[in-house]
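Only one structure is covered here, and it is reproduced in the block below.
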Number of protein chains: 2
Amino acid sequence: MAIDYKRELEIAAKSMILVHEPDTLIRMIVRLMVQKVKVIHAGILLHDEQRNSYILRVSRGPTGTKVPSEFARMDYNNPLIRFFKERIDKELLGDGYVTLREAKHFLRKTTISAEEKDIVKAVLHQMEILDATVCIPSYFQNELLGVLFMGKKKNGRELQRKELDFLVALAHDVAMAIRNARLFKQLQTELYKRKQLFINTTIALAAAIEAKDHYTLGHTQRVTDLSLKIGKRLIKLQEERLSENFLEQLHMAALLHDVGKIGIPESILNKEGPLTNEEKKRMQLHPVIGANILQPIKELEEAILGVKYHHERYDGKGYPEGLNNGKIPLIAAIIAVADTFDAMTTDRQYRAAISKKEAIQEIQRVSGQQLHPQIVSIFLQLSKEGKV
Amino acid sequence: MAIDYKRELEIAAKSMILVHEPDTLIRMIVRLMVQKVKVIHAGILLHDEQRNSYILRVSRGPTGTKVPSEFARMDYNNPLIRFFKERIDKELLGDGYVTLREAKHFLRKTTISAEEKDIVKAVLHQMEILDATVCIPSYFQNELLGVLFMGKKKNGRELQRKELDFLVALAHDVAMAIRNARLFKQLQTELYKRKQLFINTTIALAAAIEAKDHYTLGHTQRVTDLSLKIGKRLIKLQEERLSENFLEQLHMAALLHDVGKIGIPESILNKEGPLTNEEKKRMQLHPVIGANILQPIKELEEAILGVKYHHERYDGKGYPEGLNNGKIPLIAAIIAVADTFDAMTTDRQYRAAISKKEAIQEIQRVSGQQLHPQIVSIFLQLSKEGKV
């Protein structure tokens, strides 16, 4: 059955626009060339701004890669690149592409100059290296974005006019789609960088605040790590309906769970002897102080619950509000387990650390009293797997 | 001259893909319809998920808006919307669009049921409200994304087949382009939200740290506001080569310029009497402590310079390094001016605030000694304009 190239092109253009991953897009285009025009192999040389060259990004043939990728990196002085980049092709051939046959035909002309002959000869040589029968440039706003090329047709025949037209039109759409995909990629990369910057800044500031409390070096980092492990497992188990960005909220909550300690006087925070009742009460304000600090940030609504309630107990004997079982947000219950475990396994003012094994037993013992049984159960699972 | 619709469509599709602002895109499409098919007016009813309806987003005619936008909001039960949404059009007409003429022709048929007649009559009525001679649905993955419609041709003739084909093909591309633009918009919105979250979290934590120092309520906010005003003016003057994200770095630096105070004991920070030399030295460590806290965040490289050097003096007599004139980063010189001005105009431990006017004179006096003359000059400009 004959292929309706106009229709194929429309379909191709539409699919391309929906692919926002440049590498996937390029592979898709090459696959399209090989399948629709039925050639032995095809490839794309794509402009790489950082490296000031055109690089063979994909090459596809019946037995995988036809031209080894490392092999084909062409700089701006490469005759084939210059031919298209400086629009010499337009002057000499004028079709918007170059075929082997056409180039050979050109060289037989008697009306051309020696210089013109040399240019086309050099182009021909590059095409032979690529084993290409046709090369089609792809421009975006007059910049050469890349060069599509393909080998012989499987049936051994010459490329037909309508096939070449299809390829030229495809090359146009390719430029558009690649630019679109790159813009998407840029935005996504920036978004990712933003997230990292946000987390890293929070880590730095949380660490600075933690440093006020002499006994908690590395505490925040360890509580955060363990909380995230528990949170990930909780999501995996799918027993609870969690918010869409639960893990991110948990991450922030764990990093900032003790941020309120900044509001506690150093004289209490680092007191050598035991705290008076008055001092204890003051100390127990830190979850609420922390929640107040973060209150203006409405995007951290759930994280704030984690900060505020990480000292609540399952039996209702915790602080600040004495919430019990069902009323304690899971985000706070997770931090409570991680916080308790870390407190037991590190030296504090008035007692030495206990061993990991003892601490795990203790966590199990207080499940349902101090700590949330569902979260303890996940913690015990993780500890059995050696992940605590 | 006859219009080559195939070519027009290619050009249109390509331009559309490059427009990532949904509103601009929609206006562009309607303009295209009016110009290319030469109709009196055209419009787009666009799906609005939040409002569960299709809303007239743009309507363009020779004298501006033809159909008032508020007028045309169609919910899912609107006969025209149902006709396309449930693909009834395909069953009854099968062209991928509906014209007035065709609908009227259909109603004259004797082979149709009363129910079918009612459906098409209701559609006709909707078209009359819109003053439309043709409506073309636009689908994305079988979802009705919108309906394109247009009025009579300016020359009074019927729409030709090739014009209708052009419009149907355009409607396809429109769906693609709108989806693409919406995805872009989503990403950009998320990026914006991220930036806000980042700034807001930094503000909250900086405020918490500031609260340790009893004498500096609101200081950070005021220094940040003034620093940003100076920074914006500096960019406008274009006298200096500034980094691409200078203002963002300045924002962070100003917010965090005193973050190192978290490392100074409260007994020194809030001492009632004068500081001993030893205590002064300790206090003067805060810029370096601040820089150390932020050091791990490589994206804040420039902001860190602002934090580290905001107590350097133009004459080299500042701390921590005694840098002079040319060597002090502008970002730090800006914060120094804002910081000095705010310190003078607010009460501190051992002296009352001076008036704004006196403080401005003092800033002018120490220009070239304590403060960077270029930045002072911008500060004085701003104060003349009443912006300080």
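Which residues, counting only those in the stretch B:38-61, are of a type in the set (A, V, I, L, M, F, W, C) and modelled with pLDDT of 85 or more?
The answer is B:V39, B:I40, B:A42, B:I44, B:L45, B:L46, B:I55, B:L56.
What pairs come out if I take residues in the stretch B:10-26 that are exposed (fewer than 15 other Cβ atoms within 10 Å of the Cβ) and pair them with residues that are outside any helix (DSSP H, G or I) whose C-beta lies under 9 Å away, six or more apart or interchain?
What qualifies is B:D23/B:R57; B:D23/B:V58.
What number of residues in the stretch A:130-143 are exposed (fewer than 13 other Cβ atoms within 10 Å of the Cβ) and more than 34 Å from the chain's Cα centre (by Cα)?
Number of matching residues: 0.
Out of everything in the stretch A:151-182 that is out of contact with any Leu (no Cβ under 9 Å at 6 or more places or on another chain) and either within 11 Å of another protein chain (Cβ to nearest Cβ) or aliphatic (A, V, I, L, M) (or both), what residue ends up being nearest to B:K14 (Cα to Cα)?
Of everything passing the filter in the stretch A:151-182, A:H172 is nearest to B:K14 (Cα to Cα).
Filter the stretch A:377-388 down to residues that are in contact (Cβ under 8 Å) with a residue 12 or more places away in the chain and over 14 Å from A:K232 (Cα atoms), then give me how many there are.
Of the residues in that region, 2 qualify.
Those residues that are surrounded by fewer than 16 Cβ atoms within 10 Å (Cβ to Cβ), more than 10 Å from chain B (Cβ to nearest Cβ) and either without any contact (Cβ under 8 Å) to a residue 12 or more places away in the chain or in contact with a Leu (Cβ under 8 Å, 6 or more places away or on another chain) (or both), I need them from the stretch A:263-274; list them, please.
Of everything in the stretch A:263-274, those that are surrounded by fewer than 16 Cβ atoms within 10 Å (Cβ to Cβ), more than 10 Å from chain B (Cβ to nearest Cβ) and either without any contact (Cβ under 8 Å) to a residue 12 or more places away in the chain or in contact with a Leu (Cβ under 8 Å, 6 or more places away or on another chain) (or both) turn out to be A:I268, A:G273.
So is B:L93 in the same structural domain as B:Q160 (by TED's automatic domain parsing), modelled with pLDDT of 75 or more and touching a strand residue (DSSP E or B) at 6+ places or on another chain (Cβ under 7 Å) or not?
For B:L93, the condition - in the same structural domain as B:Q160 (by TED's automatic domain parsing), modelled with pLDDT of 75 or more and touching a strand residue (DSSP E or B) at 6+ places or on another chain (Cβ under 7 Å) - is not met.
Considering only the stretch B:94-122, state which residues are in contact with a Ser or Thr (Cβ under 9 Å, 6 or more places away or on another chain) and outside any helix (DSSP H, G or I).
Once the filter is applied, which keeps residues that are in contact with a Ser or Thr (Cβ under 9 Å, 6 or more places away or on another chain) and outside any helix (DSSP H, G or I), the stretch B:94-122 yields only B:T99.
Among the residues of the stretch A:191-221 satisfying the criterion of being surrounded by fewer than 16 Cβ atoms within 10 Å (Cβ to Cβ) and among the hydroxyl-bearing types (S, T, Y), which is farthest from the other protein chains (Cβ to nearest Cβ)?
Ranking the qualifying residues of the stretch A:191-221, first place goes to A:Y215.
Check A:A175, A:A171 and return the single one that is within 22 Å of A:Y76 (Cα to Cα) and in contact with a Pro (Cβ under 8 Å, 6 or more places away or on another chain).
The conditions single out A:A171.
Enumerate the pairs (first residue in the stretch A:77-106 and over 19 Å from A:F140 (Cβ atoms); second residue anywhere and among the polar types (S, T, N, Q) and assigned to a helix (DSSP H, G or I)) with beta-carbon separation below 6 Å, excluding pairs fewer than 6 apart on the same chain, so at least 6 apart or on different chains.
Hits for this filter: A:P79/A:Q126.
Do we have any residue at all in the stretch A:326-349 that's in contact (Cβ under 8 Å) with a residue 60 or more places away in the chain, surrounded by fewer than 16 Cβ atoms within 10 Å (Cβ to Cβ) and part of a loop (DSSP other than H, G, I, E, B)?
yes
I need the full set of residues from the stretch A:144-164 which are exposed (fewer than 13 other Cβ atoms within 10 Å of the Cβ) and either part of a strand (DSSP E or B) or without any contact (Cβ under 8 Å) to a residue 40 or more places away in the chain (or both), in order please.
Correct list: A:G156, A:R157, A:Q160, A:R161.
Would you point out which residue out of A:E321, A:E362 is without any contact (Cβ under 8 Å) to a residue 60 or more places away in the chain, part of a loop (DSSP other than H, G, I, E, B) and either surrounded by 17 or more Cβ atoms within 10 Å (Cβ to Cβ) or out of contact with any Lys or Arg (no Cβ under 8 Å at 6 or more places or on another chain) (or both)?
Result of the check over A:E321, A:E362: A:E321.
Check off (1) surrounded by 14 or more Cβ atoms within 10 Å (Cβ to Cβ); (2) in a loop (DSSP other than H, G, I, E, B) for A:L80 and give me the number that stays unchecked.
Going through (1) surrounded by 14 or more Cβ atoms within 10 Å (Cβ to Cβ); (2) in a loop (DSSP other than H, G, I, E, B) one by one, A:L80 breaks only (2).
Please tell me if A:E70 is at pLDDT below 80 and assigned by TED's automatic domain parsing to the domain that holds A:K153.
In short, yes.
Quick check: anything in the stretch B:196-204 polar (S, T, N, Q) and in contact with a Ser or Thr (Cβ under 7 Å, 6 or more places away or on another chain)?
yes
Within the stretch B:236-262, can you find the residues that are outside any loop (DSSP other than H, G, I, E, B), surrounded by 13 or more Cβ atoms within 10 Å (Cβ to Cβ) and more than 21 Å from the chain's Cα centre (by Cα)?
B:A253, B:A254, B:L255, B:V259, B:G260, B:K261, B:I262 - these are the residues of the stretch B:236-262 that are outside any loop (DSSP other than H, G, I, E, B), surrounded by 13 or more Cβ atoms within 10 Å (Cβ to Cβ) and more than 21 Å from the chain's Cα centre (by Cα).
Checking A:I29 against (1) modelled with pLDDT under 85; (2) within 13 Å of A:D173 (Cβ to Cβ); (3) surrounded by 19 or more Cβ atoms within 10 Å (Cβ to Cβ), which single condition isn't satisfied?
Of everything listed in (1) modelled with pLDDT under 85; (2) within 13 Å of A:D173 (Cβ to Cβ); (3) surrounded by 19 or more Cβ atoms within 10 Å (Cβ to Cβ), A:I29 misses just condition (1).
List the residue pairs whose Cβ atoms are under 6 Å apart, where the first residue sits in the stretch B:289-306 and is more than 9 Å from chain A (Cβ to nearest Cβ), the second is in a helix (DSSP H, G or I) and hydroxyl-bearing (S, T, Y), and the two are 6 or more positions apart or on different chains.
Pairs that qualify, where the first residue is more than 9 Å from chain A (Cβ to nearest Cβ) and the partner is in a helix (DSSP H, G or I) and hydroxyl-bearing (S, T, Y): there are none.
Please state which of the following conditions B:V19 fails to meet, knowing it meets all the rest: (1) within 29 Å of the chain's Cα centre (by Cα); (2) more than 14 Å from chain A (Cβ to nearest Cβ).
All conditions are met except number (2).
The values are calculated or read from the model by the stated rules, or taken from the named source; none is laboratory data. Just so it is clear, the model here is predicted, and its values are computed rather than measured. As a convention, Cβ positions derive from the backbone with ideal geometry for all residues, glycine included, and neighbour counts pool all protein chains shown.
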